1. From the list Glu351, Glu318, pick out the single residue that is touching a residue at least 60 places away in the same chain (Cβ under 8 Å) and open to solvent by 20 Å² or more (accessible area, probe 1.4 Å).
2. Return the residue satisfying two criteria in turn: it lies in segment 326-356 and is within 14 Å of ligand 1 (Cβ to nearest atom) and part of a helix (DSSP H, G or I), and of such residues it is nearest to Ala191 (Cα to Cα).
3. Looking at (1) exposed (fewer than 15 other Cβ atoms within 10 Å of the Cβ); (2) touching a residue at least 40 places away in the same chain (Cβ under 8 Å); (3) within 14 Å of Ser133 (Cβ to Cβ), which is the only condition Gln10 fails?
4. List, please: which pairs have Cβ atoms under 7 Å, are six or more places apart or on different chains, and start with a residue in segment 207-222 that is in contact (Cβ under 8 Å) with a residue 60 or more places away in the chain and more than 17 Å from Val235 (Cβ to Cβ) and end with one that is more than 11 Å from ligand 1 (Cβ to nearest atom) and part of a helix (DSSP H, G or I)?
5. Quick one: Ile65 ticks every box in (1) under 26 Å from Lys144 (Cβ atoms); (2) of a type in the set (Val, Ile, Thr); (3) open to solvent by 20 Å² or more (accessible area, probe 1.4 Å) except a single one, so which number is it?
6. Do we have any residue at all in segment 31-52 that's open to solvent by 10 Å² or more (accessible area, probe 1.4 Å) and without any contact (Cβ under 8 Å) to a residue 12 or more places away in the chain?
7. Residues that are surrounded by fewer than 24 Cβ atoms within 10 Å (Cβ to Cβ), touching a residue at least 12 places away in the same chain (Cβ under 8 Å) and not assigned by TED's automatic domain parsing to the domain that holds Val40: does segment 143-160 have at least one?
8. Name the one entry in Val81, Val69 that is part of a loop (DSSP other than H, G, I, E, B), in contact with a Lys or Arg (Cβ under 8 Å, 6 or more places away or on another chain) and either over 24 Å from Pro15 (Cα atoms) or in the same structural domain as Thr301 (by TED's automatic domain parsing) (or both).
Amino acid sequence: MSNAAGYAAQSATSPIRYFDLQRREPGPDDVEIDILFCGVCHSDLHYVRGEWGPVPYPAAPGHEIVGRVTRVGKDVTKLKVGDMAGVGCIVDSCLSCSACKEDLENYCETGMIGTYGGVEKQTGLPTQGGYTSKIVVRDHHVLKVPEGLDPAAAAPLLCAGITTYSPLRHWKVGPGHKVGVVGLGGLGHMAVKLAAAMGAEVTLFTTSPDKVADGKALGATNVVISKDPEQMQAVGASLDFIINTVAAPHSLDPFLAALKRDGVMTLVGVPSEPHPSPSVFGLIMKRRSLAGSMIGGIAETQEMLDFCAEKGIGAEIEVIPIQEINTAFDRMLNGKVKYRFVIDMQSLKDEAAKAA
Ligand code: NAP
Ligand code: ZN
């Protein structure tokens, strides 16, 4: 084991603060990464506050990791020391079930091992995420961050990017499609950019009137204030596909009503409490579907990174030192993030050096 530093929650109600942790020595198929940047996902907040179930405190979140490879095991061929690498939400999976064989490690039948909140096969210890100075990950689950992508703006692609890219691809969004995006936060702003880059006409639904201009600048043709029934009525039965990123329970009916016949709304936001049940009439009247999607597989994540590099797409970020993480969480809870916080991990390394 080797020493590392991090920021972790000690309970569901305590602020996140400095802690020391240990990382395993890289095994034959492991990659060790010096973490440079880590994005701040709303899932990090749901997780540390225990909103999704019991948490093995101390708990360091973070699954939008970009850094430099510092060591590789003897069997690793995918990456070498010095490469810019990425780690998303998955650090391990069985690689032999039918899902893994179809490059869907995110749906691994024995259970994917999350970057945080999982149990490391190699040590039996809880996995600790990217709010840390370094991480050791099985090579298959490490991504290559293409040259030309800004490493800080690329970090959010590892979760917000792939979580929105994957359903857009699965439901074959492209030119001629009318796509709705609900919520302009970390996931939502990536969904707007990616759907527009795939050639779709994008309608953004937001609760925040101050985000209208940004929504258009990011690629939306129309922006609808979802709290305004008249504006909602005006987009009725007009969209082919909706991706709903909202992190809180809300009525799905007004959004289902915006779908055409055979339209699909995919939920990617995961509130701690259920949404009110949708009206069955809203579904049957136009043979609409309500679906869900969770991140994406490793090959598709690489495809998304390469697509973003080709199209010049990164996240809109506000870079913060790790010492500001608790304020960042408060702003995220109030929908006041434009549009992803990214932690500059040098701030953690400086604090660790002072503490030593
Ligand atoms: P975020 O940056 O906080 O964005 C959520 C957006 O939802 C807000 O900016 C806001 O946009 C909108 N919203 C409307 N009403 C809200 C309310 N009452 N409370 C909170 N947000 C509200 O969050 P994120 O990082 O994009 O994550 C969104 C959700 O996706 C979270 O639940 C997260 O856990 C989940 N997630 C799922 C996956 C997956 O694999 N399915 C992966 C990553 C994250 P407006 O101001 O425009 O209304
Ligand atoms: Zn996430």
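1. Details: Glu318 fails: touching a residue at least 60 places away in the same chain (Cβ under 8 Å).
Just one listed residue meets the conditions, Glu351.
2. Here the residue is Met332.
3. (3)
4. Leu218/Lys193
5. Failed condition: (3).
6. For segment 31-52, residues open to solvent by 10 Å² or more (accessible area, probe 1.4 Å) and without any contact (Cβ under 8 Å) to a residue 12 or more places away in the chain: absent.
7. Checked against the condition, which is being surrounded by fewer than 24 Cβ atoms within 10 Å (Cβ to Cβ), touching a residue at least 12 places away in the same chain (Cβ under 8 Å) and not assigned by TED's automatic domain parsing to the domain that holds Val40, segment 143-160 yields no hits at all.
8. Details: Val69 fails: part of a loop (DSSP other than H, G, I, E, B).
Val81 is the lone residue from the list that is part of a loop (DSSP other than H, G, I, E, B), in contact with a Lys or Arg (Cβ under 8 Å, 6 or more places away or on another chain) and either over 24 Å from Pro15 (Cα atoms) or in the same structural domain as Thr301 (by TED's automatic domain parsing) (or both).
The values are calculated or read from the model by the stated rules, or taken from the named source; none is laboratory data. As the structure is a computational prediction, the values presented were derived from the model and not from experiment. Cβ coordinates were reconstructed from backbone atoms using ideal geometry, including for glycine residues, and neighbour counts include every protein chain displayed. Areas reflect the complete protein model, heavy atoms only, side chains present, ligands, DNA and RNA absent. Shrake-Rupley method; radii C 1.70, N 1.55, O 1.52, S 1.80 Å.
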